[in-house]
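In what follows, a structure is listed as structure tokens, so that the remarks can point back to it.
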Amino acid sequence: MTIGSTNQPLSMTNGLMRYFSTERWLYLFVCMHIILWTLAPILTRYNLPLDSVEGAIWGHQLEWGYDKNPFLNGWLTALATYLDGKSGWMIYFFSQISVLVCFLAIWQLARNMLPPVYALISVMILEGVQYYNFHAIDFNDNTLELSLWAVAIYFFYKALRAPSNGSWLLTGLFAGLGMMAKYYTATLLAGMALFLFIYPNNRKQLATLPPYLGLAIFLIIISPHTIWLFFHDFITIKYVFERASSAPSWTNHFFYPAQFAWQQLQAFMPAIILYTLLFVGKKPLLATPKLNIDSFNQSFLLYVGLGPFLLTVLLSILLGTKLRAGWGMPLLSTWGILLITAIAPTITKAKFYGFVTLIFTLMGLLVSGYCITLIHASSTSSANFPGQEIARRLTQQWHDTYHTTLDYVGGSRWISGNIGFYSSDHPAVFIEWNKRRAPWIDSKDILNKGAIFVWDITNGETIPDTIQRHFPTLQKATVMEFFWHRDKKKNLPSIKIGIAFLPPHHNSA
């Protein structure tokens, strides 16, 4: 891409900058993103977010599934914890790796459809979407879907454009991993299937071996979890239906899909505003370049890029299903490409550098705003929760009392999860004292090794009577009080934790 005068449109065909400089800007962009958004929570948060704590609970036990999700989130959180210890910085890093992979996959997809500068723009405008900045700090199933969906989409595109065993195998691999991150990946697979079966040229591949190799990899990946479901009362499936259920009403068929669509539009609105600014300048709106997007690419973007969103809304209309805004995290990754294919601005040298400057400035402002808000605000955000102090004090008290390691902690998911992660002993967590939610728990082993049971009195939690009857040697409950970080004037209500020690068998007398 050769750059001449400031307002001369950039060439979309030849020139060194067309390829190499756009890649250089892309790599600078993703490197800055991963560095800043990893450092921001490390430097400003005292505590992991809720979903990351939950992932750490699961990852402590390498099961083929958990009470809310399949296994991938828990396993990767376990890997991050193993690499890092208990500070949590690797978990934040894993979140941004997922965003990084998403950006790179969308770039690869976009440059197969668009000139490099427009491909770069389709990725960079995502920086304004909260799903790729604030929301991506918490490592969870939604954050994982960002990368897995984007990579699956890219390799599916390659498999259809230039069929090969490798592309189909990778499509099956990442589709399977996506399902093992969250069942919502089924909407993406439905969009892919529609595109594959509806178009005759695509269907021709079904007479060849590669698609079935991809299907085989997909089935191999999901099979252990599928078998696990039969032995665990389909607990994750039931959880999905519980999350999507609501009181029956005819208004559900209109309100929930409309609400979800509006929430996704709100999330994507900053990207639309950033894109609109590219039309500001001497070049009139009608002087837009012809990008020559062929019918295959247009259909692919409709079925695979927009299809999962439309299918989600359609299902909610038909079934009255309650939708969660966070489910939309992986839906918007291709929407930048959709914007450009709908109407493309004329890009000049001035606009190009102005846009890049704006994106990096926005990134800096968002990171600064996030840090300043946490540092100077006294709030009950999970960032200010004293999880490390709670874990340290209780672990020390256990050691001083029983002179043995703390192997188990039971109680509310949040409090016990913090102890499980931050305690130097990393005890297994008996989630809500419910073996359905923590099938790895052996009651006889707890009676033998002992445990700490905790509950949040501040939130009205109590220890169930059934638990007290089941563990007759449970000691009398006490209360500990903790204070929020950054609450120097003690304006926030203190955190009161109910605590009961279950002595190890050799100390029970």
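How large, in percent, is the carbon and sulfur part of the accessible surface of segment 184-270 at a probe radius of 1.4 Å?
76 percent
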_If you restrict to DSSP beta bridges whose two residues both lie in the chain, what percentage is antiparallel, to the nearest 5?_
65 percent
*Would you mind putting 195-202, 144-151 in packing order, based on average other-beta-carbon counts within 10 Å, highest first?*
144-151, 195-202
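Leaving out ligands and nucleic acids, note down the accessible area per residue over segment 145-263 with a 1.4 angstrom probe, in whole Å².
Details: 5800 Å² over 119 residues.
On a per-residue basis, 49 Å².
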*Relative to the longest principal axis of the chain, what angle (0 to 90°, nearest 10) does the C-alpha long axis of helix 413-422 take?*
90 degrees
*Within the chain: Cβ-based charge dipole about Cα centre, in debye rounded to nearest 20 (Lys, Arg +1; Asp, Glu -1)*: 1240 debye
*Solvent-accessible area, 1.4 Å probe, carbon plus sulfur percent, for segment 379-456*: 44 percent
*P(r) of segment 37-118 in 10 Å steps, Cα pairs, percent per bin?*
17, 38, 26, 15, 4
*How large is the convex hull of the Cα atoms of segment 75-116 per residue, expressed in Å³ as a whole number?*
59 Å³
_Sorting check: for 448-456, 397-405, 305-313, which peptide has the highest mean count of neighbouring beta carbons within 10 Å, and how do the rest follow?_
448-456, 305-313, 397-405
*asked:* Helix 210-231 against the longest principal axis of the chain: what's the angle in degrees, Cα atoms only, rounded to the nearest 10?
replied: 20 degrees
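For the pairs Lys86/Lys435; Lys290/Lys351; Lys449/Lys476; Lys86/Lys476, note any where the Cα-Cα span goes beyond 22 Å.
Lys86/Lys435; Lys86/Lys476
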*asked:* Just want the answer: with Cβ charges of +1 for Lys and Arg and -1 for Asp and Glu, which residue in Gln205, Val101, Thr346 is farthest toward the dipole's positive end in the chain?
replied: Thr346
*Rounded if a/c is under 1.5, else prolate if a/b beats b/c, else oblate: with a ≥ b ≥ c from the C-alpha gyration tensor eigenvalues square-rooted, which is segment 272-431?*
prolate
*Rounded to the nearest whole Å², what accessible area per residue is found for segment 420-478 with the 1.4 Å probe?*
51 Å²
*Two-site FRET efficiency, Lys435 against Leu291, from Cβ-Cβ distance with R₀ of 45 Å, rounded to 0.05*: 0.20
*Nearest 10 degrees, 0 to 90: what angle lies between the long axis of helix 141-161 and the longest principal axis of the chain (Cα atoms)?*
30 degrees
*Ranked from highest to lowest mean number of other Cβ atoms within 10 Å per residue, what is the order of the peptides 124-137, 369-382, 416-429?*
416-429, 124-137, 369-382
*Which of Trp414, His403, Phe360 sits farthest toward the positive end of the charge dipole of segment 352-509, with +1 on the Cβ of Lys and Arg and -1 on the Cβ of Asp and Glu?*
Phe360
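Between Thr373 and Ala350, how high is the FRET efficiency from 1/(1 + (r/R0)^6) when r is the Cβ-Cβ distance and R₀ = 45 Å? Nearest 0.05.
0.85
Which of rounded, prolate or oblate describes segment 179-310 when judged by the alpha-carbon gyration tensor and an a/c cut-off of 1.5?
oblate
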*Charges only on Cβ, +1 for Lys and Arg, -1 for Asp and Glu: so what's the dipole of segment 263-393 about the Cα centre, in debye to the nearest 20?*
200 debye
*In straight Cα distance, which aspartates and glutamates are under 20 Å from Lys238, not counting same-chain residues fewer than 8 positions off?*
Asp51, Glu54, Glu63, Asp67, Asp141, Glu432
*Show that you can apply the helix-only estimate: for the chain, add -39,500 (n - 2.57) for every DSSP H stretch of four or more residues, divide by all residues, and state [θ] at 222 nm to the nearest 500.*
-18000 deg cm²/dmol
*Classify segment 120-176: rounded, prolate or oblate, from the alpha-carbon gyration tensor (a ≥ b ≥ c, eigenvalue square roots; a/c under 1.5 rounded; otherwise prolate if a/b is larger than b/c)?*
oblate
_Reachable lysines from Lys158, criterion Cα separation under 21 angstrom, eight or more residues apart if same chain_ = Lys204
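The values are calculated or read from the model by the stated rules, or taken from the named source; none is laboratory data. None of the values given here were measured: they were computed from a predicted structure. Methodologically, a virtual Cβ is constructed for each residue, glycine included, from the backbone with ideal geometry; neighbour enumeration extends over all protein chains shown. All accessible areas refer to the heavy atoms of the entire protein, side chains included, with ligands and DNA or RNA removed. Shrake-Rupley method; radii C 1.70, N 1.55, O 1.52, S 1.80 Å.
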